[in-house]
């Protein structure tokens with residue numbers, strides 16, 4: 001296969017399709033989305049069969065339990081995937097929305113209106129549900145999309161993609177506004193990352209190695225997050241039962257995802273009481289703790305944390321633990337070692353909560369809640385195309401509005417300058 005020519009055809013078709021999709025009526029887009037969801041439900045057995053091929057190859061190739069968990073499609077996950085598409089169809093269409101507007105002294109009428117980005121390329125690993133979420137979000141927001149999943153999910157992604165494409169039959173939308181790169185050859189990626197003429201933005205979802213490669217190679221704007229090094233700080237003034245429950249959920253509910261807690265920070269005045277109780281909970285869940293010198297004095301049977309542990313995104317049942325002097329030191333630690341993703345404080349002290357939320361430089365900052373809520377669906381956005389730790393254009397869960405930009409419409413009556 002001539003990969004350069006293959007990719008050029010994909011991007012050219014996407015650009016051409018994006019022009020029609022950008023002006024499509026909401027009703028037509030929603031009809032396609034409803035058909036997508038229906039197709040996914042009707043073909044769940046076919047999707048699971050394809051997924052089993054990926055899981056078998058993943059086991060053979062030694063994928064970690066966390067990666068296999070991300071990869072697996074169950075009946076409930078397929079239903080969640082279909083429901084996510086349905087939810088997106090129900091959301092308000094951002095395209096054409098007026099952001100602002102005014103009349104200048106010379107009579108010119110200015111309107112700042114939302115428009116699609118154009119052509120979005122998603123490069124992702126492991127999770128097959130991204131195929132459906134990304135396609136649905138892009139269709140709803142008027143963007144053509146090129147999907148490039150990882151080789152570990154090629155059978156699942158292809159099966160999902162076929163059902164999505166069927167939804168365009170007998171509609172006015174161009175089917176090539178959603179396309180999948182159907183080769184696992186890595187040589188297909190560089191031409192995508194440099195297709196400046198046709199692709200407007202690259203969104204990578206995956207490990208640090210993938211995102212680093214995209215950032216170093218792309219000549220197109222990239223929206224990314226490198227890591228999900230998320231923290232929970234337990235303040236001296238807090239409800240300990242609430243803290244135990246939040247910290248258990250943030251680490252154990254699903255450890256292999258980017259919004260799971262990777263470092264626990266505890267105020268020195270409650271460390272002696274809280275850490276033994278917390279360890280009892282974690283022992284039952286099989287969590288390995290790696291502590292700072294002060295934490296080791298409280299919990300003598302845990303491992304010592306190295307400097308590297310404070311930067312680590314484990315994506316596993318491993319947790320770094322540090323005892324701190326107070327909220328200021330917790331903030332300092334998070335801003336130094338964190339990834340700008342999601343961080344939380346558990347406290348009854350309003351001043352400490354305000355200090356934490358104002359000073360922590362992350363996309364999402366919580367008070368008395370688990371970091372596991374950082375998710376487009378949980379935020380009521382329908383779904384997300386990724387979680388951005390960028391500070392330009394989009395930050396946090398990236399959903400419909402974040403898949404648009406704007407243009408200025410200027411109406412006059414013969415004004416000249």
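Which FRET efficiency value, to the nearest 0.05, do you get for residue 45 and residue 417 by plugging their Cβ-Cβ distance into 1/(1 + (r/R0)^6) with R0 = 41 Å? The computed FRET efficiency comes out at 0.05. Principal-axis analysis of the Cα atoms of the chain puts helix 44-60 at an angle of about 50° to the longest axis. Would you indicate which of (i) 5, 23, 33, 25, 12, 3, 0; (ii) 5, 21, 27, 23, 16, 7, 2, 0, 0; (iii) 4, 18, 24, 20, 13, 10, 7, 3, 1, 0 is the value of P(r) over Cα pairs in 10 Å bins from 0, in percent derived from the coordinates of this structure? So the calculated entry is the one marked (ii).
Each Cα pair under 8 Å and six or more residues apart adds its separation to the average, and for segment 1-160 the resulting relative contact order is 31 percent. A Förster radius of 22 Å combined with the Cβ-Cβ distance from residue 303 to residue 64 puts the calculated FRET efficiency at roughly 0.65.
Place a point 7 Å from Cα of residue 8 in the direction of its Cβ. Which residues in segment 153-197 have their backbone N less than 18 Å from it? Answer for segment 153-197: 187-197. Principal-axis analysis of the Cα atoms of the chain puts helix 26-42 at an angle of about 60° to the longest axis.
Of the beta bridges in the chain, as assigned by DSSP with both residues counted there, near 30 percent are antiparallel. Pick from 40, 299, 350: which residue has the top mean-square fluctuation in a GNM of the chain where Cα pairs under 10 Å get a spring? In the Gaussian network model the winner is 350. From the square roots a ≥ b ≥ c of the eigenvalues of the alpha-carbon gyration tensor of segment 230-373, which class results: rounded (a/c under 1.5), prolate (a/b over b/c), or oblate? Rounded is the answer for segment 230-373, as its axis ratio a/c remains below 1.5. Mean sequence separation of contacting Cα pairs (under 8 Å, at least six apart), scaled by the length of segment 284-361, corresponds to a relative contact order of 28 percent. Structural descriptor for segment 230-373: relative contact order 34 percent, calculated from alpha carbon pairs under 8 angstrom and at least 6 residues apart.
The modelled label-to-label distance between residue 171 and residue 194, using points 7 Å beyond Cα along the C-beta direction, is 3.5 nm. So what's the angle, to the nearest 10 degrees on a 0 to 90 scale, between helix 240-252 and the longest Cα principal axis of the chain? The two axes meet at around 50 degrees.
Cβ-to-Cβ counts within 10 Å put 168, 356 in ascending order as 168, 356, the fewest first. Between residue 329 and residue 273, the simple spin-label model (points 7 angstrom out along Cα→Cβ) gives 1.9 nm.
Ranked for footprinting exposure by Cβ neighbours inside 10 Å, fewest first, 49, 402 give 49, 402. For segment 12-73 versus segment 198-267, the spacing of their alpha-carbon centroids is 24 Å.
Cβ crowding within 10 Å, taken as a proxy for footprinting-reagent exposure, orders 296, 319, 180 from fewest neighbours to most as 296, 180, 319. Between residue 357 and residue 23, what is the spin-label point distance in nm, taking each point 7 Å from the Cα along the Cα→C-beta axis? It is 4.5 nm. Could you calculate the FRET efficiency of residue 103 with residue 83 from 1/(1 + (r/R0)^6), where r is the beta carbon distance between them and R0 is 51 Å, rounded to 0.05? Given R0 = 51 Å and the Cβ-Cβ separation, E is 0.70.
Here, each number is a calculation from the coordinates, and none is a lab measurement. None of the values given here were measured: they were computed from a predicted structure. Neighbour counts run over all protein chains shown; Cβ positions are idealised from the backbone, glycine included.
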